Every structure is written in structure tokens, then in C-alpha cells.
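Q: Below is the structure I would like to discuss, written out as C-alpha cells.
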Amino acid sequence: MPETFRVGLLGHGTVGSAFATLLRERADAIVPITGLRPELAGILTRSRGDFEEILANSDLVVEVMGGVEPARDYVLRAMRAGKHVVSANKQLLSQHGEELWACARENEVQLRFEAAVAGVVPVIRVLQESLAAAHLERIHGIVNGTTNYILTEMARGGLSYADALAQAQELGYAESDPTDDVTGRDAAAKMAILARLAFDTPVHLDQVRYEGIEHITADDIAYAQQFGLGLKLIGTAELVDGGLSVRVHPAFLYRGHPLASVEGPFNAVTVESPAITEITMSGPGAGGPQTASAVLGDVISAMIPPATTPETSQALEIVADVESAFYLHMEVADRPGVLAQVAELLGMQGASIKSVVQQGLGHDARLVMILHPLPESRFYAAVHLIGQLDFMRSSPRAIRVIEEEFI
């Protein structure tokens with residue numbers, strides 16, 4: 001009989017319950033791979049289980065509780081007791097990752113976290129193992145399935161943001177409180193983790209600039225389709241002038257971009273390097289069974305231990321102001337000279353117009369532009385000035401445009 005490998009489970013919600021089921025179903029198949037048979041040593045929830053008892057009886061602890069505390073305390077205590085830990089907690093890792101990884105190294109245990117980013121897409125393993133020696137320049141992607149589903153349905157069916165969100169909640173793609181998803185905070189936490197691994201430098205969630213999709217309208221998407229563009233919530237981490245920019249925001253993509261065709265609740269991550277050009281990985285980004293599968297993969301890896309996450313070797317400056325192309329939407333009075341004044345203010349900040357659509361609306365008009373890339377600070381300075389013009393009917397709306405296409 002193979003030796004038993006005991007797994008303590010912290011959390012028994014959607015992911016935790018799916019993991020418990022999957023572990024039982026796949027235990028026999030894991031034996032030939034590891035020589036060990038995994039089984040649950042205990043489950044901790046708010047109403048049952050004792051952490052100290054579970055810890056004493058476990059070889060490895062799986063943390064799928066969510067939140068920062070008490071998850072952080074439990075993970076640290078488990079590693080200090082010499083236990084490997086597998087976590088799917090992006091908020092915990094994006095805010096306390098360096099402390100946790102240092103604890104893992106000090107106690108010579110593993111802290112694995114593939115399920116914390118992009119569901120079953122194995123981007124963590126690729127960064128830590130397959131591309132460990134590559135000089136990466138940029139990693140960006142769709143790392144939140146909820147927002148990708150909402151934007152897909154807005155584009156496909158012409159739904160409003162509110163209707164698409166309600167549909168996502170009805171189908172289980174969005175939580176009853178979707179705040180972290182739709183504001184971009186969830187994606188920001190994931191990008192902090194990816195940036196740390198890709199560029200070997202500490203990155204905290206507070207250093208990631210992010211914005212969400214709550215302000216997106218069906219009109220924005222419809223007008224962008226006239227320019228051949230589709231909208232995604234994009235997370236980016238890239239080297240800029242010797243520093244590191246990490247950000248999350250809605251962005252329009254042309255059809256030739258590898259992320260443009262990723263629809264519904266799927267996630268995708270593109271990694272770029274001179275040595276490899278670009279690699280795009282995609283797959284389901286959410287759901288109990290999918291996330292549980294990634295957790296179980298980490299458990300199996302921890303049963304055959306390699307080294308844990310190494311200490312960072314550099315501390316790059318975080319860059320806030322980067323260049324981007326933009327979509328600009330303006331509701332204005334329909335009178336002579338409006339377009340000329342807008343163009344003048346844009347030109348004063350070095351903005352160049354790539355294309356423009358103008359639509360008459362009785363006494364008012366709608367101007368929609370795509371601008372060539374310029375520093376974000378200069379673009380928003382121009383938008384601030386445009387917003388003060390007396391013919392503006394509402395505040396201008398701006399969304400970034402990613403111009404790269406990979407054919």
C-alpha cells in the first residue's frame with residue numbers, strides 16, 4: 001500500500017468543496033505519479049474544524065479561504081511548522097507575498113499558488129519554470145473572467161453594462177457583490193503577482209494602477225466596432241525606461257491581437273520576450289472545478305518538491321506615466337468650430353488624431369476619435385481642458401487602445 005500524504009483544507013466554499021471532491025476522485029491516479037496517496041486530513045470552516053488539529057495531522061495545507069486575515073496567519077503558521085502550502089488567494093499574495101515567500105524559504109517548504117492567477121491557465125508555472133531564463137519585456141492579458149464575460153455580452157448582444165452584469169450574476173460568473181471584479185482590483189492583485197515573478201522585483205497591490213469597466217457603455221463598444229476594435233479589461237506589466245509599469249484598465253484591441261478573440265469567462269495571458277517573440281496561454285479563468293484542478297496540480301507538484309519561489313534580485317522603479325493610443329468619446333453642441341477647438345487642444349498636448357466619426361443628434365452631436373499614442377499624462381491634460389469647453393454636453397469618455405497586432 002502506498003504511503004498516505006495528508007492534506008489539510010482551509011475553506012470549503014465553491015473552490016474548497018470542488019477540491020475535496022476532486023482529491024477523492026483522483027487519489028488513485030496520483031499514486032503512480034508521486035508514490036503517495038493524498039487524502040484529506042481535515043477541513044476548516046467558520047463553523048467546524050480546529051486549525052491546530054488540522055495542522056498537526058497534515059503534510060500540506062491548502063488555503064482557499066480568501067481574504068487576508070486569518071488566511072495570512074494560518075499560512076505563516078503552517079509553513080513555520082514545516083508544512084507545504086498551496087493557496088489560491090491572490091489578495092493575500094499581492095499584499096503579503098514577500099513575507100510569505102521569505103517564510104517558505106526560511107522553513108524550506110513550498111508555497112505554490114498557480115490557482116491564484118488565471119484559473120487553469122498555467123502561467124505561474126511557465127514563468128517560474130519554462131521561461132525562468134528568458135529576458136521578459138512584457139506580460140499582459142485578460143485575468144478576470146467576470147469582466148470578460150460582461151464585455152463579451154455587451155459587444156455580442158448590445159446589452160447595457162447593468163444587464164450584462166445581471167446576466168453574469170445569474171449564470172454564476174459574477175459574485176453577488178462584484179466590486180473587486182468590475183473595479184479592476186481583482187485583476188490588479190493578479191498582475192502584482194505576475195509582475196513579481198516575471199521581472200524578479202517586489203510588487204505590492206498598492207503599486208498597481210487600476211480602473212474598471214463600470215463606466216463602459218454599449219455606445220462605446222458599438223462605435224469602436226466601426227474602427228474594427230473590441231474591448232477587453234487588460235492587465236499589463238512591462239519594462240519602461242529601466243523601470244516597471246504595472247496597470248489594469250479597459251483597452252480596445254484590433255482583431256489581429258492574440259487577446260482579441262478571447263471571449264466569455266475565459267482568461268488569457270501573453271508573454272513577450274526577444275527570445276520567444278510572444279506566447280499566449282488561454283483557458284477557463286474561474287469556476288470551482290477549474291480552480292480546484294489548478295490547486296490539485298500544485299498539490300501534486302508539492303508532493304515532488306522543487307525549490308520554492310526565490311528571493312528577488314532587484315527593485316525596479318515603478319513607472320506611472322506610459323504611452324498609449326486612446327479612444328475619445330465626446331457629446332457636444334452641434335455648431336461650427338467644435339472639431340477645430342478640440343483638435344487644437346489635443347495638438348497643444350502633442351496628440352495626433354488617427355480617425356474620427358461625427359454623428360449629428362439634432363442640436364447636439366457626437367464626436368468619436370482614435371488618437372495615436374502619446375504619454376497618458378499629456379492626453380489626460382488635454383481631456384481636462386476639453387471638458388471645460390462651453391459646448392461640451394457631458395464629460396469626455398476615454399478608453400485606451402492597444403495597437404499591436406500579431407499576424
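The values are calculated or read from the model by the stated rules, or taken from the named source; none is laboratory data. Keep in mind that what you see is a predicted model, and the values were worked out from it rather than measured. With ideal geometry, Cβ positions are generated from the backbone for all residues, glycine too; neighbour counts draw on all protein chains shown. Just so you know, the surface numbers come from the protein's heavy atoms only, side chains and all, with ligands and any DNA or RNA stripped out. Shrake-Rupley method; radii C 1.70, N 1.55, O 1.52, S 1.80 Å.
Q: Counting only residues that are modelled with pLDDT under 90 and buried (at least 16 other Cβ atoms within 10 Å of the Cβ), how many does region 220-237 have?
A: 3
Q: Please pick out the residue among Thr270, Thr312 that is open to solvent by 20 Å² or more (accessible area, probe 1.4 Å), polar (S, T, N, Q) and more than 30 Å from His384 (Cβ to Cβ). Full working, then the answer.
A: Working: Thr270 fails: open to solvent by 20 Å² or more (accessible area, probe 1.4 Å).
Going through Thr270, Thr312 in turn, just one is open to solvent by 20 Å² or more (accessible area, probe 1.4 Å), polar (S, T, N, Q) and more than 30 Å from His384 (Cβ to Cβ): Thr312.
Q: Working only within region 238-252, note down all residues that are part of a strand (DSSP E or B), over 16 Å from the mean Cα position of the chain (by Cα) and surrounded by fewer than 24 Cβ atoms within 10 Å (Cβ to Cβ).
A: Going through region 238-252, the residues part of a strand (DSSP E or B) turn out to be 238-240, 243-252.
Applying the additional criterion that residues be over 16 Å from the mean Cα position of the chain (by Cα) yields 239-240, 243-244, 252.
Answer for region 238-252, where residues must be part of a strand (DSSP E or B), over 16 Å from the mean Cα position of the chain (by Cα) and surrounded by fewer than 24 Cβ atoms within 10 Å (Cβ to Cβ): Leu239, Val240, Gly243, Leu244.
Q: Any idea which of (1) free of Cβ contacts under 8 Å to residues at least 60 places away in the same chain; (2) under 31 Å from the mean Cα position of the chain (by Cα); (3) part of a loop (DSSP other than H, G, I, E, B) is the one Ser313 doesn't satisfy?
A: Checking Ser313 against (1) free of Cβ contacts under 8 Å to residues at least 60 places away in the same chain; (2) under 31 Å from the mean Cα position of the chain (by Cα); (3) part of a loop (DSSP other than H, G, I, E, B), the one that fails is (1).
Q: Residues to consider are Val322, Val299; find the one that is touching a residue at least 24 places away in the same chain (Cβ under 8 Å), closer than 30 Å to Val62 by Cβ and open to solvent by less than 60 Å² (accessible area, probe 1.4 Å).
A: On the way: Val322 fails: closer than 30 Å to Val62 by Cβ.
The unique qualifying residue is Val299.
Q: So, one more: Which pairs do you get when a residue that is over 14 Å from Leu9 (Cβ atoms), found in region 24-50, comes within reach of a residue that is hydroxyl-bearing (Ser, Thr, Tyr) and open to solvent by 30 Å² or more (accessible area, probe 1.4 Å), reach meaning Cβ atoms under 9 angstrom, with the pair 6+ apart or on two chains?
A: Leu36/Thr4; Arg37/Thr4
Q: Pairs please, first residue from region 383-394 and under 14 Å from Gly350 (Cα atoms), second anywhere and in a loop (DSSP other than H, G, I, E, B) and open to solvent by 50 Å² or more (accessible area, probe 1.4 Å), Cβ atoms under 9 Å, 6+ apart in sequence or on different chains.
A: Val383/Ser395
Q: Among the residues of region 333-344, is there at least one that is in contact with a Ser or Thr (Cβ under 9 Å, 6 or more places away or on another chain) and in contact (Cβ under 8 Å) with a residue 40 or more places away in the chain? So that I can check it myself, show each step before the final result.
A: Of the residues in region 333-344, the ones in contact with a Ser or Thr (Cβ under 9 Å, 6 or more places away or on another chain) are none.
No, region 333-344 contains no residue that is in contact with a Ser or Thr (Cβ under 9 Å, 6 or more places away or on another chain) and in contact (Cβ under 8 Å) with a residue 40 or more places away in the chain.
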